[in-house]
Amino acid sequence: MTEMIPPPVGPYVLPPLKFGYADLVPVIDEATMRLHHGMHHRAYVDGVNAALSSHPEWLGLTIEEVLRRLAELPDDIRQTVREQGGGHANHQFFWKILTPKRTEGPTGDLLAAIEKDFGSYETFKELFVEAGAKHFGSGWAFLVAHPQENYRLEILTLPNQDSVLELDHPSPGLIACDLWEHAYYLKYNNRRADWLRAWWDIVNWPYVSERLAGIRAGKKQL
Ligand code: MN3
């Protein structure tokens, strides 16, 4: 499989944040950010690097591409890469869509798409919070676009560190919200719905608009 190898991008690294650990207060407290990025995400990066070290030919691919090709991975590392690599990819995605600068919510084409598929932004938020609150156990809530259905938007939740990039869920993600207790428990305790209702204030909607434009332009790597 050497022919598919672009310049090396691995072993993967913990991506630096574009904001400080305290900058998302009051939505996310500093201690949660410090643990979540510095410890939890780091552990996923270390875990996927360790798993792929026995099959280094895969380290030439981005983590997103590895997850798209999960079924082709050697049997002995597939599940570990699904968990640890999924954890790295989901967190990398999550940090990208957060911002300390409060935005005015979705606008333009993104708002039009949300209104077309959910009726209104308010209804969309209610449905997203409900889906995330009802999801049993750890996992993620996503908003995805289906390119094969005229970019229809859909809210879905996945367990553990499963990624929307995997073959069973091939539609690219616009937003992702972490439903694991480590994402919210220090501040919100067992009130996951409160975390989901609060997190809208830190979503970087201009960047989400860029993601939608990229998906519609056929970009694979967002
Ligand atoms: Mn997490």
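Approximating the spin labels as points 7 Å out from Cα along Cα→Cβ, the residue 154-to-residue 125 distance works out to 2.5 nm. Modelled label positions at residue 201 and residue 181, each set 7 Å beyond Cα in the direction of Cβ, lie 2.5 nm from each other. For region 117-220, the solvent-accessible area of protein heavy atoms averages 45 Å² per residue (probe radius 1.4 Å; ligands and nucleic acids excluded).
Estimated purely from DSSP H runs of n ≥ 4, each contributing -39500 (n - 2.57), the mean residue ellipticity at 222 nm for the chain is -11000 deg cm²/dmol once divided by its residues. Were the residues from residue 75 through residue 210 laid out at 0.36 nm apart, the gain over their Cα-Cα distance would be 45.0 nm. Residue pairs exceeding 21 angstrom between C-alpha atoms, taken from 125/219; 101/219; 96/125; 18/125; 96/220; 18/101: 125/219; 101/219; 18/125.
Residue ranges 84-93, 201-210, 66-75, 157-166 sort as 84-93, 157-166, 201-210, 66-75 when ordered by packing (mean number of other C-beta atoms within 10 Å per residue, highest first). How much FRET efficiency would the formula 1/(1 + (r/R0)^6) give for residue 169 and residue 25, where r is the Cβ-Cβ distance and R0 is 35 Å, rounded to 0.05? The computed FRET efficiency comes out at 0.60. Judged by the ratio a/c of the largest to the smallest principal axis of the C-alpha gyration tensor, region 43-84 counts as rounded, that ratio being less than 1.5. Once both labels are positioned 7 Å from their Cα atoms along Cα-to-Cβ, the gap between residue 191 and residue 53 label points is 4.3 nm.
For the chain, the longest principal axis of the C-alpha atoms and the axis of helix 108-118 are separated by about 80°.
For region 1-137, the carbon plus sulfur part of the accessible surface works out to 56%, probe radius 1.4 Å. Based on protein heavy atoms only, region 30-97 ends up with 38 Å² per residue of surface accessible to a 1.4 Å probe.
Shape of the chain from its Cα gyration tensor (a ≥ b ≥ c, root eigenvalues): rounded if a/c is under 1.5, otherwise prolate when a/b > b/c, or oblate? Let's see the in-between values first.
Values: a/c = 1.75, a/b = 1.28, b/c = 1.36.
Since a/c reaches 1.5 but b/c is at least a/b, the shape of the chain is classed as oblate.
The values are calculated or read from the model by the stated rules, or taken from the named source; none is laboratory data. Note that the structure is a prediction, hence the values are computed from the model and not measured. Glycine also receives a Cβ, built like all others from the backbone with ideal geometry; neighbour counts cover every protein chain displayed. With ligands, DNA and RNA removed, areas are computed over all heavy atoms of the protein, side chains included. Shrake-Rupley method; radii C 1.70, N 1.55, O 1.52, S 1.80 Å.
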